[in-house]
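Visitor: Take a look at the following structure, please.
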Amino acid sequence: MKTSRRTFLITSVGVASTIALGTRSALADAPKVDENDPTAQALGYKNDASKVDKAKFAKYAAGQDCGNCQFYQGKASDAFAPCPMFSSKLVASKGWCSAYVKKA
């Protein structure tokens, strides 16, 4: 059976769309980081950066949040996205932890 270029392109777009939707769905199913998680406690993670203990984490500065950290693996507009600091569990865009590094 001979495949035309048009058939190949249509099939490729369909497969790419399915993969993209499947990946997006898998991210939506990923667990969110619990502030009581041992790693979260060690890194001082808070779902809301305004609740960071500034006495304990002097590195924190207003305006720092997961959404503008280089480790945040989503768009700043995403409410939650994976973070490698937490085994790719989802962190809040408005969250913060001591591993924060400003996105370049």
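The values are calculated or read from the model by the stated rules, or taken from the named source; none is laboratory data. As the structure is a computational prediction, the values presented were derived from the model and not from experiment. Note: ideal-geometry Cβ built from the backbone for every residue, glycine included; neighbour counts use all protein chains shown.
Visitor: State all residues of region 71-88 that are surrounded by 20 or more Cβ atoms within 10 Å (Cβ to Cβ) and over 8 Å from the mean Cα position of the chain (by Cα); if no residue qualifies, say none.
Guide: Met85, Phe86, listed by residue number.
Visitor: Please determine, by comparing only the residues of region 25-40 that are aliphatic (A, V, I, L, M) and at pLDDT 95 or above, which one is nearest to Trp96 (Cα to Cα).
Guide: Within region 25-40, the match that is nearest to Trp96 (Cα to Cα) is Ala40.
Visitor: On the given criteria, is Phe57 outside the structural domain of Ser88 (by TED's automatic domain parsing) and either at pLDDT 55 or above or farther than 25 Å from Ala99 by Cα (or both)?
Guide: No: the conditions fail for Phe57.
Visitor: Of all the residues that make up region 75-87, how many are of a type in the set (Gly, Ala, Ser), touching a strand residue (DSSP E or B) at 6+ places or on another chain (Cβ under 9 Å) and without any contact (Cβ under 8 Å) to a residue 24 or more places away in the chain?
Guide: Selection size over region 75-87: 1.
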